[in-house]
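Written out below as structure tokens is the structure these notes cover.
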Amino acid sequence: MENEEIVFSIILHAGNARGLAYDALKSAQNGDFEEAESYLKKAEDEVGQAHKIQTSIMQKEAKGEEVKLSVLFVHSQDHLMTTISEKGLIENMIEMHKRIHALEKEKEA
């Protein structure tokens with residue numbers, strides 16, 4: 001894979017993961033926690049693919065191969081890092097929605 005392909009693959013997978021994480025949050029807000037978990041699983045798979053690509057670059061450098069860094073590569077790393085961070089926050093928000101949902105059901109009973 002060429003450097004540009006690598007960069008855009010990381011951005012693509014990170015972007016997909018971010019979108020899926022927000023879909024999960026929206027599902028949780030609507031009380032559909034099974035769907036939320038499904039979206040989170042898909043988001044984790046996308047992060048895993050991006051991370052695998054990132055790891056391959058680090059392995060090249062660790063083997064002594066020259067890895068040229070570009071602004072686009074740094075940009076792709078920003079996307080991945082931000083996505084991982086947002087996904088973690090969204091997972092916590094979903095847990096909060098589960099608790100809120102349970103309390104609302106308790107109150108109704």
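Any read-out appearing in this document is the output of simple, stated calculations on the displayed coordinates, not a laboratory observation. Computed from a prediction, not measured in an experiment: that's the story for all the values here. Note that we place each Cβ from the backbone using ideal geometry, even for glycine, and neighbour counts take in every protein chain shown.
Structural remarks
- Residue pairs whose Cβ atoms lie under 8 Å apart, sitting 6 or more positions apart in sequence or on different chains, and linking a residue in segment 1-19 that is touching a residue at least 24 places away in the same chain (Cβ under 8 Å) to a partner that is basic (K, R) and assigned to a loop (DSSP other than H, G, I, E, B), are N3/K68.
- Candidate set: segment 20-36, residues that are without any contact (Cβ under 8 Å) to a residue 40 or more places away in the chain and closer than 21 Å to H101 by Cα; chosen: the one surrounded by the most Cβ atoms within 10 Å (Cβ to Cβ): S27
- Selection within segment 50-109 - among the basic types (K, R), surrounded by 11 or more Cβ atoms within 10 Å (Cβ to Cβ) and closer than 27 Å to D23 by Cα: K52, K87, K98
- Scanning segment 81-94 turns up at least one residue that is of a type in the set (K, R), within 30 Å of K105 (Cα to Cα), in contact (Cβ under 8 Å) with a residue 12 or more places away in the chain and in contact with a Lys or Arg (Cβ under 9 Å, 6 or more places away or on another chain).
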